[in-house]
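What follows is a short report on a single structure.
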Amino acid sequence: MNKFGIGGSTIEAELNAIKPMAQLIEPIQEAEYKNRIQKACKLMKTHKAQAMYLNSGTNLLYFTGTHWHASERMVGAVLLENGNLHYIAPNFEKGTILDFMSIEGEIHCWEEHESPYTLLNTILKQNNILDGTLLIDESTPFFVYKGISKAISLNIENAKTIVSACRMIKSAAEINIIQALMDITLEVHKATARILKVGITAKEVEDFINEAHKRYGVISGSYFCIVLFGKDSSFPHGVKTPKPLEINDIVLVDTGCSVHDYISDITRTYIFGEANDYQRTIWNIEKEAQIAAFNVSKIGNTCGTVDVSARKTIESHGLGPDYNLPGLPHRTGHGIGLDIHEYPYILQGNETILQSGMCYSVEPMICVPNKFGVRLEDHIYMTNKGPRWFTQPAHSIDNPFGN
């Protein structure tokens, strides 16, 4: 193992040294789900909407605590502006819905030969919602949207404004969960660096990362994992046939885990061996861009200014411009929470104002085609006193986990 903790250990030794941590993470409580519903209802009244349909998925989960993956059958809930919840599900799923339900509401069931869209219309009429606006969760599949639009006479609008305004602002409980998950994943990153050796494959490293997350108490293991060596790292999300590790390769590892439905996401890029001058220069520019993005992450600034700050830093070194390579080929960051990518998006032109409680990544990756890529990804949570890192950013290309 070198003095910076890269290489020299074994998979067995690192796994045996792990002590569980995830069992200490507290889930979201019922009172918080109720507060979310209250906030949504206030926003609905402001926007003069009488009801909002939440399709199965993370938006339904966020407001009701109900776990249900989207399928070819309509399953969801209608939130009325008075705060009442009405669940819609196939009759044969009623027992399961009851089991998964965290926030009580009336369950309306449809048989396989019946129309759930007509049922939704009936619910609205029974609650004297005969005109006005129904908001539809933007993650709703097109076939559900189409069915609803044919069955009801209300004006239909996108629920994005309401949903994003709620989900973008994380509570203390949400931030605590994400922090705990980031802590676990950062430790997995450190252990991963220690097992590296010439010839190890990306699959072997991915398998180790998955098992390491499990040893920390994350039952599902890695939520996702990308491991890239050498020139493969110039492709942001990987290649079909990854190469094995060679001496003096750039190593890019992007991974995370999920507990209580929230997600961690950290990327580290460093050298296995000795960095050449060009690798070191690009890594340092990436670090500079990440710091620039952090420094402009201030309450009242826009998401777009964060992206522009990182991009202009990279361009000042002769890279780019814009999305051209070598340079930054994508947005600077994304929100995180119940989804790995969610609002707010750190993208030029995004006029969303930064507010306390927002959580997002800063990862202004630099890609050098057919040579290597450098992505340093850490997440920020905004406070009234400014931005805070969930994890300590990488120190250098040789010492990624130093202070």
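The values are calculated or read from the model by the stated rules, or taken from the named source; none is laboratory data. Keep in mind that what you see is a predicted model, and the values were worked out from it rather than measured. Glycine gets a Cβ as well: all are built from the backbone with ideal geometry, and neighbour counts include every protein chain shown.
Looking at (1) of a type in the set (Ser, Thr, Tyr); (2) assigned to a loop (DSSP other than H, G, I, E, B); (3) closer than 22 Å to residue 347 by Cα, can you tell me which one residue 241 breaks?
Exception for residue 241: condition (3).
Here is a list of conditions, (1) surrounded by fewer than 18 Cβ atoms within 10 Å (Cβ to Cβ); (2) in contact (Cβ under 8 Å) with a residue 12 or more places away in the chain, and residue 318 meets all of them except one; can you say which number that is?
For residue 318, the failing item is (2).
Which helices (runs of 4 or more DSSP H) sit wholly inside the stretch 1-67 and have at least 3 residues that are within 24 Å of the chain's Cα centre (by Cα)?
30-46, 58-64
Going by the structure shown, is residue 378 under 16 Å from the mean Cα position of the chain (by Cα), of a type in the set (D, E, K, R) and crowded, with 16+ Cβ neighbours inside 10 Å?
Spelling it out, residue 378 is indeed under 16 Å from the mean Cα position of the chain (by Cα), of a type in the set (D, E, K, R) and crowded, with 16+ Cβ neighbours inside 10 Å.
Pick out the one residue from 33, 62 that is buried (at least 19 other Cβ atoms within 10 Å of the Cβ), modelled with pLDDT of 95 or more and farther than 26 Å from residue 151 by Cα.
Within the list 33, 62, the selection yields 62.
Which of (1) without any contact (Cβ under 8 Å) to a residue 24 or more places away in the chain; (2) part of a loop (DSSP other than H, G, I, E, B) is the odd one out, the single condition residue 292 does not satisfy?
(2)
Being touching a Gly at 6+ places or on another chain (Cβ under 8 Å) and buried (at least 19 other Cβ atoms within 10 Å of the Cβ) is the filter here, so list the residues in the stretch 228-253 that pass it.
228, 232, 233, 234, 245, 249, 250, 252
Taking the stretch 209-221, which residues are closer than 20 Å to residue 237 by Cβ and buried (at least 22 other Cβ atoms within 10 Å of the Cβ)?
Matches in the stretch 209-221: 209, 213.
Taking the stretch 99-142 as the region of interest, how many residues are at pLDDT 95 or above, in a helix (DSSP H, G or I) and either surrounded by fewer than 17 Cβ atoms within 10 Å (Cβ to Cβ) or aromatic (Phe, Trp, Tyr) (or both)?
6
For the stretch 189-225: of the residues being basic (Lys, Arg) and closer than 17 Å to residue 248 by Cα, which is nearest to the chain's Cα centre (by Cα)?
194
Looking only at the stretch 143-154, filter to residues that are under 14 Å from residue 76 (Cβ atoms) and of a type outside the set (A, V, I, L, M); which one of those is surrounded by the fewest Cβ atoms within 10 Å (Cβ to Cβ)?
Within the stretch 143-154, the match that is surrounded by the fewest Cβ atoms within 10 Å (Cβ to Cβ) is 143.
Inspect the stretch 274-282 for any residue being touching a Leu at 6+ places or on another chain (Cβ under 9 Å), surrounded by 15 or more Cβ atoms within 10 Å (Cβ to Cβ) and either touching a residue at least 40 places away in the same chain (Cβ under 8 Å) or not hydroxyl-bearing (Ser, Thr, Tyr) (or both) and give the result as yes or no.
Yes, that holds for at least one residue.
Quick test of your reading of the structure: residue 265 fulfils all but one of (1) crowded, with 18+ Cβ neighbours inside 10 Å; (2) farther than 30 Å from residue 201 by Cβ; (3) of a type outside the set (Phe, Trp, Tyr); (4) in contact with a Gly (Cβ under 9 Å, 6 or more places away or on another chain). Name the failing condition by number.
(2)
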